[in-house]
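Let me begin by presenting the structure, written as structure tokens, before commenting on it.
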Amino acid sequence: MTDATTDTNGLTLAADGTPLKKRLGQALFRSKMRALGLVTPLLLLIFFCFLVPIIIFLMRGIHNDTFAANMPSVTIELAKWDTTSDPTEAMYAALTADLVLAKETKTIGKVASRVNRELSGTRSLFTKSARKAKKLEAPYKEALIGVSKKWGDIEVWKALTIASKSWTPAYLASAVDLKYNADGSFERKSKERRIHLQLFVRTLEISVIVTIMGLLLGYPVAFLLSTLPARTSNLLLILVLLPFWTSLLVRTTAWIAMLQSQGVLNDLFVVFGLATDDDRFSLIYNKTGTLIAMTHILLPFMILPLYSVMKTIPPTYVRAAKSMGASDWTAFWRVYFPQSIPGIGAGGILVFILAISFYITPALVGGEDGTMISNFIDFHMRKSLNWSLAAAMGGVLLTIVLFLYYLYDKVVGIDNMKLG
């Protein structure tokens, strides 16, 4: 005898008379809620400690209210200005009042630094004028020009107009070597100041080369590990994992000792006659040093996904192909290699994403030719303190990575990527 019965409409009922389908749905819902409750702490941690800080940081690339918050009166007047006619007396009066306010609230340094990013040399103009602003009397135009003739230069007022906009594309424009003008237009920077696009291209170039080199070096190693007996492959796998137990800084420093002109590699080249003692190879503080060190550091990230996928490929497939007359190369290329492509995709995308954001290794062994965009982001974060430009460059880099990820998904398909 069962607990389930059937009503007159043909519906299966539980012991308490509730339709069995409804009871099943309720049980499924409770199961989902329990699962959600278990992962909620992790989701909250990711959201507040990972996503929120990234969003706040990226927002700085398009939002900077330093000027508008501390110079409110002149910000209002600048919003009315057409950026071509001479500044009005009202603009000068508002500027004078705001200079007095900024001096009293001790925010003149922040304001001066903000404007100086738009027009070099204006920091001293602001600090000098703020010290004398309290003593100035109308007409304020003549008074401010008397303090410094630069206040009569319309370019200074254009810089103030750009700085007064809380939401601005100026930093994003600068990140891609464009100049944002006061009238809202864009123009290319002078040739000697176009450095960011070159850095983005170099970063992509280095990342692609490191990924390809990692694949060429890692594929044979992963293949060997997957075909050896378990005892031997596990022992060799420890050697692959060994670099993870060593500090990244230590590994990079070791490459400095090996790659320098009097280092281990150059000494070996001299011994084997590949170079003379007076004409050694330049392997450090350039792109070559960056490529060598990054390839070594990221090689395990290529080997492990490849190995995990290759381990699941039955060796009987290759033996069956050979038994039907296929050569070793044909059996590998037509049977084995296609099945390892998911591992290639996983290792490639993992190494590429890690390589594109590297900054410690390029900073130590890269020199001028091996510098990547991440090094400039680090420079603006820690030294120039131009966080808005750093955020804009980070935003552009993130956009490039997401676009490449989108192309990868369209061409290869993210569903085909496997880690084992």
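The values are calculated or read from the model by the stated rules, or taken from the named source; none is laboratory data. Not measured: the values here are computed from a predicted model. Neighbour counts are summed over all protein chains in view; Cβ atoms, including those assigned to glycine, are modelled from backbone coordinates with ideal geometry. All accessible areas refer to the heavy atoms of the entire protein, side chains included, with ligands and DNA or RNA removed. Shrake-Rupley method; radii C 1.70, N 1.55, O 1.52, S 1.80 Å.
Annotation note: Cβ proximity below 8 Å between a residue of the range 206-232 that is under 15 Å from T288 (Cα atoms) and charged (D, E, K, R) and a residue that is open to solvent by 50 Å² or more (accessible area, probe 1.4 Å) and assigned to a helix (DSSP H, G or I) (sequence gap 6+ or interchain) occurs for no pair.
Within the range 365-387, can one find any residue that is in contact with a helix residue (DSSP H, G or I) (Cβ under 7 Å, 6 or more places away or on another chain), open to solvent by less than 20 Å² (accessible area, probe 1.4 Å) and farther than 23 Å from G348 by Cα? Yes: one or more hits.
Out of the residues in the range 343-359 meeting the condition of being open to solvent by 60 Å² or more (accessible area, probe 1.4 Å) and part of a helix (DSSP H, G or I), tell me which one is nearest to R194 (Cα to Cα). Checking each candidate, the answer is I353.
If you check T75, T83, T96, T66, which single one turns out to be open to solvent by less than 20 Å² (accessible area, probe 1.4 Å) and under 38 Å from the mean Cα position of the chain (by Cα)?
Values: T75 fails: open to solvent by less than 20 Å² (accessible area, probe 1.4 Å); T96 fails: under 38 Å from the mean Cα position of the chain (by Cα); T66 fails: open to solvent by less than 20 Å² (accessible area, probe 1.4 Å).
Every option except T83 fails the conditions.
Filtering the range 305-319 for residues that are of a type in the set (A, V, I, L, M), under 30 Å from L249 (Cβ atoms), surrounded by 15 or more Cβ atoms within 10 Å (Cβ to Cβ) and out of contact with any His (no Cβ under 7 Å at 6 or more places or on another chain) leaves a non-empty set.
Filtering the range 1-28 down to residues that are among the β-branched types (V, I, T), in a loop (DSSP other than H, G, I, E, B) and loosely packed, with under 11 Cβ neighbours inside 10 Å, which residue is modelled with the highest pLDDT?
First, pick out the residues of the range 1-28 that are among the β-branched types (V, I, T): 2, 5-6, 8, 12, 18.
Next, from what is left, pick out any that are in a loop (DSSP other than H, G, I, E, B): 2, 8, 18.
Applying the additional criterion that residues be loosely packed, with under 11 Cβ neighbours inside 10 Å yields 2, 8.
Values: T2: 47, T8: 56.
Ranking the qualifying residues of the range 1-28, first place goes to T8.
Only one residue in T40, T66, T83 is without any contact (Cβ under 8 Å) to a residue 12 or more places away in the chain and either within 30 Å of L101 (Cβ to Cβ) or β-branched (V, I, T) (or both). Which one?
Numbers: T66 fails: without any contact (Cβ under 8 Å) to a residue 12 or more places away in the chain; T83 fails: without any contact (Cβ under 8 Å) to a residue 12 or more places away in the chain.
Criteria check complete, one pass: T40.
For the range 29-118, the helices (runs of 4 or more DSSP H) that sit wholly inside it and include 3 or more residues that are touching a helix residue (DSSP H, G or I) at 6+ places or on another chain (Cβ under 7 Å) and of a type outside the set (A, V, I, L, M, F, W, C) are 72-80, 89-104, 108-116.
Considering only residues in the range 99-123 that are charged (D, E, K, R) and without any contact (Cβ under 8 Å) to a residue 12 or more places away in the chain, the one that is surrounded by the fewest Cβ atoms within 10 Å (Cβ to Cβ) turns out to be K106.
If a residue counts only when it is within 21 Å of the chain's Cα centre (by Cα) and surrounded by fewer than 14 Cβ atoms within 10 Å (Cβ to Cβ), which helices (runs of 4 or more DSSP H) contained entirely in the range 161-242 have at least 2 such residues? Walk me through it before giving the result.
On the way: elements: 170-175, 196-227, 230-241.
The helices (runs of 4 or more DSSP H) meeting that bar are 196-227.
Please specify each residue of the range 391-407 satisfying the condition of being touching a residue at least 60 places away in the same chain (Cβ under 8 Å) and open to solvent by less than 60 Å² (accessible area, probe 1.4 Å). Correct list: A391, A392, M393, G394, G395, V396, L397, I400. Among the residues making up the range 249-271, those that are of a type outside the set (S, T, N, Q), surrounded by 14 or more Cβ atoms within 10 Å (Cβ to Cβ) and assigned to a helix (DSSP H, G or I) are R251, A254, W255, I256, M258, L259, L265, D267, F269, V270. Here I303 meets each of (1) among the hydrophobic types (A, V, I, L, M, F, W, C); (2) in contact with a Leu (Cβ under 7 Å, 6 or more places away or on another chain); (3) under 21 Å from S247 (Cβ atoms) with one exception, condition (2). Within the set S327, S340, the sole residue that is at pLDDT 90 or above and surrounded by fewer than 15 Cβ atoms within 10 Å (Cβ to Cβ) turns out to be S327. Among (1) touching a Leu at 6+ places or on another chain (Cβ under 9 Å); (2) more than 30 Å from A112 (Cβ to Cβ), which single condition is E368 missing? Tallying (1) touching a Leu at 6+ places or on another chain (Cβ under 9 Å); (2) more than 30 Å from A112 (Cβ to Cβ), E368 fails exactly one: (1). S282 meets each of the listed conditions (1) closer than 23 Å to V365 by Cβ; (2) open to solvent by less than 50 Å² (accessible area, probe 1.4 Å); (3) assigned to a loop (DSSP other than H, G, I, E, B) apart from (2).
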